[in-house]
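Got a structure for you, written out below as structure tokens; questions coming shortly.
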Amino acid sequence: MQFKENQTIYLQIAERISDEILLGHYAIGSRIPSVREYAALVEVNANTVMRSYEFLQTQGIIFNKRGIGFFVSPDAKIKIKSYRRNEFLKNELQTFLHTDIYTQHFYGRNRSHVQTIHR
């Protein structure tokens with residue numbers, strides 16, 4: 001797996017697992033690979049994958065059956081989409097709303113003029 005430098009590896013792995021769930025590679029209620037299996041698959045330390053699994057578990061996307069493994073939660077797809085929508089609204093949309101293109105398109109003015117109006 002090729003990793004981006006602008007995001008932590010464990011979040012990239014969590015994102016990949018979420019994509020695999022959305023695409024149906026892991027069905028609702030099915031077991032996902034063990035931490036060691038997934039670490040070997042993506043060629044990272046098992047601790048990094050464990051951190052990804054803990055993150056996904058915190059989000060309610062997967063759950064742990066002690067001694068058996070991790071499984072896809074019944075509402076995993078809804079939770080993934082909700083998480084991604086919230087992240088978009090929190091990060092991407094805010095960045096977009098502060099660009100000159102948005103300002104010029106919706107206000108027909110330059111950024112400094114719009115900022116002056118909104119003060």
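Out of Ile80, Ile62, which single residue is touching a residue at least 60 places away in the same chain (Cβ under 8 Å) and under 14 Å from Ile13 (Cα atoms)?
Answer to the check: Ile80.
Condition (residue is in a helix (DSSP H, G or I), under 25 Å from Gln2 (Cα atoms) and without any contact (Cβ under 8 Å) to a residue 12 or more places away in the chain) applied to the stretch 27-35: is it met by at least one residue?
no
May I ask you to list the residues in the stretch 1-19 that are in contact (Cβ under 8 Å) with a residue 12 or more places away in the chain and under 14 Å from Ile80 (Cα atoms)?
Those that are in contact (Cβ under 8 Å) with a residue 12 or more places away in the chain and under 14 Å from Ile80 (Cα atoms): Leu11, Ile13, Ala14, Arg16, Ile17, Ser18.
Determine if the stretch 5-13 includes at least one residue that is at pLDDT below 95 and over 13 Å from the mean Cα position of the chain (by Cα).
Checking the stretch 5-13: at least one residue is at pLDDT below 95 and over 13 Å from the mean Cα position of the chain (by Cα).
For the stretch 14-32, which residues satisfy the criterion of being among the hydrophobic types (A, V, I, L, M, F, W, C) and over 16 Å from the mean Cα position of the chain (by Cα)?
If the condition is that a residue be among the hydrophobic types (A, V, I, L, M, F, W, C) and over 16 Å from the mean Cα position of the chain (by Cα), then Ala27, Ile28, Ile32 are the ones that fit.
OK, next. Return a yes/no flag: does the stretch 36-53 have any residue that is surrounded by fewer than 19 Cβ atoms within 10 Å (Cβ to Cβ), under 16 Å from Asp75 (Cα atoms) and aliphatic (A, V, I, L, M).
No - not one qualifying residue is present in the stretch 36-53.
Filter the helices (runs of 4 or more DSSP H) completely within the stretch 54-119 down to those with at least 1 residues that are at pLDDT 85 or above, of a type outside the set (Lys, Arg) and exposed (fewer than 11 other Cβ atoms within 10 Å of the Cβ).
Per the criteria, 76-87.
The values are calculated or read from the model by the stated rules, or taken from the named source; none is laboratory data. As the structure is a computational prediction, the values presented were derived from the model and not from experiment. Cβ sites come from the backbone with ideal geometry, for glycine too, and all protein chains shown count toward neighbours.
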